[in-house]
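The values are calculated or read from the model by the stated rules, or taken from the named source; none is laboratory data. Being a predicted model, the structure only gives us computed values, none of them experimental. Cβ sites come from the backbone with ideal geometry, for glycine too, and all protein chains shown count toward neighbours. With ligands, DNA and RNA removed, areas are computed over all heavy atoms of the protein, side chains included. Shrake-Rupley method; radii C 1.70, N 1.55, O 1.52, S 1.80 Å.
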Amino acid sequence: MSTLIKNVSVINEGTVRKAHVLINEDRIERIDLSCTIEPNAREVIEAEGKYLLPGAIDDQVHFREPGLTHKAELATESKAAVAGGITSFMEMPNTVPNTLTQELLQQKYDRAAEVSPANYSFFMGASNDNIEEVLKTDPKQVCGVKVFMGSSTGNMLVDNRATLEGIFKECPMLIATHCEDEATIRANTEKARATYGENVPISQHPVIRDAEACYRSSSMAVELATKYDARLHILHISTAKEISLFRNDIPLEEKRITAEACIHHLWFTDKQYLDKGTHIKWNPAVKTADDRAAVRAALKSGHIDVVATDHAPHTLEEKSQSYFKAPSGGPLVQHAMVAMFEMAKDGIIDMTDIPQLMSHNVARVFDMGQRGYVREGYFADLVLVDPNDSWTVTRDNLLYKCGWSPFEGQEFSHRIHATWVNGVKVYDGENVTDNPAGKRLTFDR
């Protein structure tokens, strides 16, 4: 099982360099910068003019299995992920039932082993009363513990201060938080209802779930993490105000508090509620152009460390309801990497930032060994990208089970040409394999 990718431009560790890259079994065996090796590989790919980079590691997805499989499944969404250049994912606990016991957590791992072409890990869920189960979680085998410090899909709100203190004090592994202050959101909701009744327009979403709600919760999480020296990772930063909570003056490995930005907060603004409506309703909300600019700048400054998707499908019927009834979330894994390349083309980020933010830094934040880089001896989780093959997102080329995308009608200049997971070509530019080539992610903690 060997593949030679010839004359490819490798985007990795801040450089773009032409090389031959040899995959043997599940590893990268050789990176030849002289482009002269001619081993007897089973498959030889001439990749002149194309880019090779490490597969993205998405630290926040909702694949809806078990219990919500009318929206999505581990099989369908992991296939969409590899077609989008995501070779590893970390999935959230707000399924049905919520992943609040070790038994339910293991069931997810067992299912992924049967169907996932991508590597996988699953967050253990925290609630107001399951701290004993949380503390049974193995840091070497599980990516982290998820705490909803603001209600979202799945009703897993942890709002008991004593419970939060206990989690931050006792948990020996990474704590990932959804941060929105529930009291602020409820007060803002009542104000909106007083003005509009039940017919609140979608444009009020970032007013109801405003910057203050985000900051109050994020600052509390930082306060608790600092108090107990906990390892905190705050998800989907969406406001300019929150950036000040994070440091950029120390190496990433020394940070005890890290932050994530998501594709939708980097791409959309509140002006687009007018035409996109509830299809861009997320929690936290898409906010102003100034907020978007601040989050983008924080990627460059090092205040925000990683980029993810928060892929969270709902059916088109569900998303087409009125403001209060339409759930928050949308599908993103198939288009996240090409959206990042589009931002690079537009000069918003550098091309070398893409593997840095979507692969290298994620591996470092989560202490993942031998993944996230194009390095000899590392797992061959790789993506081949054609920068000269433009295409338009339509419902006909979507792989999401929900069958729609907030990017419909968007033209992208780059196309995912092939994806390898553990040395197996799981996507050839047109079709995704049925081979469950993914492996359980492990962590060097």
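Data table
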read-out	value
Extreme residue, surrounded by the fewest Cβ atoms within 10 Å (Cβ to Cβ), among residues of region 386-407 that are of a type in the set (D, E, K, R) and within 14 Å of residue 429 (Cβ to Cβ)	389
Residue selected from region 211-230 under the condition open to solvent by 10 Å² or more (accessible area, probe 1.4 Å) and touching a residue at least 60 places away in the same chain (Cβ under 8 Å), by the criterion farthest from residue 181 (Cα to Cα)	228
Odd one out for residue 199 among (1) polar (S, T, N, Q); (2) within 21 Å of residue 291 (Cα to Cα); (3) assigned to a loop (DSSP other than H, G, I, E, B); (4) over 21 Å from the mean Cα position of the chain (by Cα)	(2)
Test: residue 363 is in contact (Cβ under 8 Å) with a residue 60 or more places away in the chain and in contact with a Gly (Cβ under 7 Å, 6 or more places away or on another chain)	yes
Test: residue in region 143-153 that is crowded, with 22+ Cβ neighbours inside 10 Å, under 30 Å from residue 428 (Cα atoms) and not polar (S, T, N, Q)	yes
Candidate set from region 160-197 (those that are closer than 21 Å to residue 282 by Cβ and acidic (Asp, Glu)); member that is surrounded by the most Cβ atoms within 10 Å (Cβ to Cβ)	180
Among the residues listed as 114, 91, the single one being charged (D, E, K, R) and open to solvent by less than 10 Å² (accessible area, probe 1.4 Å)	91
Meets criteria (at pLDDT 95 or above and either acidic (Asp, Glu) or at positive phi (or both)) for residue 330	no
In region 89-105, the residues that are of a type in the set (A, V, I, L, M) and part of a strand (DSSP E or B)	90
Qualifying residue in region 292-312 (condition: more than 16 Å from the chain's Cα centre (by Cα) and closer than 30 Å to residue 117 by Cβ)	no
Whichever residue in region 124-142 is part of a helix (DSSP H, G or I) and open to solvent by 20 Å² or more (accessible area, probe 1.4 Å) and, among such residues, is nearest to residue 443 (Cα to Cα)	133
Neighbours by Cβ (under 7 Å, 6+ apart or cross-chain): first from region 171-185, without any contact (Cβ under 8 Å) to a residue 40 or more places away in the chain; second open to solvent by 10 Å² or more (accessible area, probe 1.4 Å) and of a type in the set (A, V, I, L, M, F, W, C)	182/157
Conditions (1) in a loop (DSSP other than H, G, I, E, B); (2) in contact (Cβ under 8 Å) with a residue 60 or more places away in the chain; (3) within 28 Å of residue 4 (Cβ to Cβ); number of the one not met by residue 430	(2)
Qualifying positions in region 106-123 - closer than 22 Å to residue 157 by Cα and either among the charged types (D, E, K, R) or assigned to a loop (DSSP other than H, G, I, E, B) (or both)	108, 123
Residues that are assigned to a loop (DSSP other than H, G, I, E, B) and either crowded, with 19+ Cβ neighbours inside 10 Å or modelled with pLDDT under 95 (or both), drawn from region 335-350	335, 349
Looking only at region 231-251, and only at residues there that are assigned to a helix (DSSP H, G or I) and open to solvent by 60 Å² or more (accessible area, probe 1.4 Å), the one that is nearest to residue 263 (Cα to Cα)	241
Filtered residues of region 43-75 (kept if crowded, with 22+ Cβ neighbours inside 10 Å and farther than 23 Å from residue 361 by Cβ)	47, 64, 65, 71, 72, 74
Selection from region 17-42 of residues that are surrounded by fewer than 13 Cβ atoms within 10 Å (Cβ to Cβ) and either within 24 Å of the chain's Cα centre (by Cα) or in contact (Cβ under 8 Å) with a residue 40 or more places away in the chain (or both)	25, 42
For residue 425: the one exception among (1) under 18 Å from the mean Cα position of the chain (by Cα); (2) surrounded by 20 or more Cβ atoms within 10 Å (Cβ to Cβ); (3) of a type in the set (D, E, K, R)	(1)
Selection from region 7-16 of residues that are crowded, with 17+ Cβ neighbours inside 10 Å and either over 23 Å from residue 362 (Cβ atoms) or in contact with a helix residue (DSSP H, G or I) (Cβ under 9 Å, 6 or more places away or on another chain) (or both)	11, 12
Residues of region 46-80 that turn out to be over 17 Å from residue 357 (Cα atoms) and either touching a residue at least 60 places away in the same chain (Cβ under 8 Å) or of a type outside the set (Gly, Ala, Ser) (or both), as a count	22
